[in-house]
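Beneath this line is the structure, given in structure tokens, with notes to follow.
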Amino acid sequence: LVAVVEEARVLTEQYPDAVDIWNILGMAYKGLGRVEKASKAFRIATDLKPNFADGYNNLGITLRDQGKLEEALEAYKKAIFIRPNFAQAYNNMGVALKDQGKLEDALKAYKEALEIKPEYANAFNNMGNVLRQQDKLEDSLKAYKKALEIKPDYPNAYNNMGNVFKDQDKLEEAIAAYKKAISMKPDYAEAFN
């Protein structure tokens, strides 16, 4: 990724109005964990191309990573305004809303994502997390199981399911779910814990 950043920086100097290069630079910075620089690159991309839905979604992700939840939500709203069927932006909006403790609004965002993309495993997993937080454990399990039907090799969903089983004092089922997560992701510290 460092090489990508260096190459993209050279290209932005040669082609300062090239939206795709700014977006690539932002993605590379994000991959390196340099979220402030990533945000700056995505802002330049969206300034250059105000109808760039992916750019606003990417900007929202980096803003959320910085804890700037209101700004992230604004970026997701712009992405959705530009592309009303943008399932990923709805899902990301749900994550930011959950971070704010707005659980019902988060569920609505996940449901919007699933209306657009019914086979969206990540949205089901995220919905399960909110339902667990609301102490709706059976509904939470259903959401995780749906995520796993769609994406059987999803260690996070198995780990989250294990957490619900643990909450229900179903310890054997919890251990089995954690073991499944570890079998897919051998360095999964949270599942080992």
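The values are calculated or read from the model by the stated rules, or taken from the named source; none is laboratory data. Because the structure is a prediction, the values reported are computed rather than measured. FYI the Cβ positions are ideal-geometry reconstructions off the backbone, even for glycines, and counts take in every protein chain you see. Side chains are part of the model used for accessible areas, which takes the heavy atoms of the whole protein and leaves out ligands, DNA and RNA. Shrake-Rupley method; radii C 1.70, N 1.55, O 1.52, S 1.80 Å.
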- prompt: Considering region 149-186 alone, what residues qualify as being within 17 Å of Arg132 (Cβ to Cβ) and touching a Pro at 6+ places or on another chain (Cβ under 8 Å)?
  reply: Ala181
- line: Among Phe81, Phe86, the single one that is free of Cβ contacts under 8 Å to residues at least 60 places away in the same chain, open to solvent by 40 Å² or more (accessible area, probe 1.4 Å) and aromatic (Phe, Trp, Tyr) is Phe81
- request: Keeping to region 31-51, report how many residues are open to solvent by 70 Å² or more (accessible area, probe 1.4 Å) and within 20 Å of the chain's Cα centre (by Cα).
  value: 5
message: Considering only residues that are out of contact with any Phe, Trp or Tyr (no Cβ under 9 Å at 6 or more places or on another chain) and part of a loop (DSSP other than H, G, I, E, B), which ones fall in region 1-35?
response: Tyr15, Asp17, Ala18, Leu32, Gly33, Arg34
